[in-house]
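Working notes for the structure below.
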Amino acid sequence: MAPIRRRLTRLTALVGSSLLLTACAILDAGEDQPLTTFEPAGPFAEQIDSLFWLVFWIATGVFVLVMAGLVIIVVFFRDKGKDDQKEPKQLHGSPKLEVLWTVIPALILAGIAVPTVSSIFELTECSPDAMEVEVIGHQWWFEFHYPEQDVDTANVMVIPAGEEICAVMTSDDVLHNFWVPALNGKRYLVPGQTTTLRLEASEPGEFWGHCAEFCGLSHSLMRTRVEAVSQADFDQWVADQLAPATLPAEGDPGYEGYEVFLNKACIQCHTVRFDDAEASNIVPPEEFNGPDLTHFASRDVFAGASLPEEGESHDEALKRWLANPPEVKPGSLMPPLGLTEAEIDALIVWLDGNE
Ligand code: CUA
């Protein structure tokens, strides 16, 4: 085979296989690749998806037309090796053509700009009757505060399916970015500012998200999950979250762990609301805060939703975490507390009881 043909064959194989792999990646986007925009689960993500396909097909049309024109020119006007071959008509400097190939792309771009710009606004401007959830970014976890319900939680945002949620977002420290691809696009969490993002899941389900702005050492471990549930389940969840934790009495299974919580540094950062108001440990919002632990066990993930890792039990992960947080999550603002194994085990018993 001539070297040029061999090279062409190789190039075709390379381009062909990359196209095929890209197609596989899109089709395969499932449980093992939860961060995909190709599986929209609500109206706002669907709007992004439709816009993507609109632009994709317009671009494909342009690609096909340009390539077809190129092939036609190459085939018809190639050097046929004949002496009497006439030179094709030269078009350089034709004002008609220049205007045509400036106006057509300009019209296409203007056409794409209309739905794109309107989507940018529609995706972030909440309807007045949307349910509000405040999203506060911390290094490295998301806090969710429900002002209407007076609920405060971390890592997992529980929402009623089929209802619009207005995420009112800010950051406690540096820039973060809230991104749950099945529900909407990305939006910044800016210290000292408020941004909004509309979220809605059409059906109940679990949707993973991730901080999408580099925000320090453990940015890659700053995950989140939205859990859409039925309205009845949501009301039940709110009622459960509003209930205080039981203050363990001496001799109760969680008592030793509660003592560790009181006597080690935990109480400086973590709020726990007990049924005995006087014993409650409320850390004011303006002070340095870790996640509210009143209903710690109602969340199946912790440490910025990065734990437990796959194949690890909740308690195994919790043990690893309590022994040395910065080792599990580099830069973690929760320091190693020098707990003994017995103290860690006791803490786990108490925390597991805070459902
Ligand atoms: Cu927060 Cu990256």
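For segment 184-230, filtered to residues that are in a loop (DSSP other than H, G, I, E, B), charged (D, E, K, R) and more than 14 Å from Phe142 (Cβ to Cβ), the residue that is farthest from the ligand (Cβ to nearest atom) is Glu203.
State which residue pairs qualify: first residue free of Cβ contacts under 8 Å to residues at least 40 places away in the same chain and buried (at least 17 other Cβ atoms within 10 Å of the Cβ) and inside segment 231-251, second residue among the hydroxyl-bearing types (Ser, Thr, Tyr) and part of a helix (DSSP H, G or I) in any location, beta carbons under 9 Å apart, and separation of 6 or more residues or different chains. Cβ pairs passing all conditions: Leu247/Tyr258. Looking at Val260, Val283, which is the one that is more than 16 Å from the ligand (Cβ to nearest atom), in contact with a helix residue (DSSP H, G or I) (Cβ under 7 Å, 6 or more places away or on another chain) and either aliphatic (A, V, I, L, M) or not assigned by TED's automatic domain parsing to the domain that holds Trp321 (or both)? So the residue among Val260, Val283 that is more than 16 Å from the ligand (Cβ to nearest atom), in contact with a helix residue (DSSP H, G or I) (Cβ under 7 Å, 6 or more places away or on another chain) and either aliphatic (A, V, I, L, M) or not assigned by TED's automatic domain parsing to the domain that holds Trp321 (or both) is Val260.
Scanning segment 104-121 for residues that are more than 16 Å from the chain's Cα centre (by Cα), touching a residue at least 40 places away in the same chain (Cβ under 8 Å) and surrounded by 16 or more Cβ atoms within 10 Å (Cβ to Cβ) turns up at least one hit. Considering only residues that are within 16 Å of the ligand (Cβ to nearest atom) and either of a type in the set (Lys, Arg) or assigned to a loop (DSSP other than H, G, I, E, B) (or both), look in segment 86-140 and name the one that is farthest from Lys329 (Cα to Cα). Ranking the qualifying residues of segment 86-140, first place goes to Gln139. Candidates Asp172, Asp152: the one that is of a type outside the set (Lys, Arg), more than 15 Å from the ligand (Cβ to nearest atom) and touching a residue at least 12 places away in the same chain (Cβ under 8 Å) is Asp152. Could we say that Val151 is at pLDDT 95 or above and either among the charged types (D, E, K, R) or closer than 29 Å to Val272 by Cα (or both) here? So Val151 fails the test.
The values are calculated or read from the model by the stated rules, or taken from the named source; none is laboratory data. All values reported here derive from a predicted model rather than from experimental measurement. Every residue, glycine among them, receives a Cβ derived from its backbone with ideal geometry; neighbour counts consider all protein chains shown.
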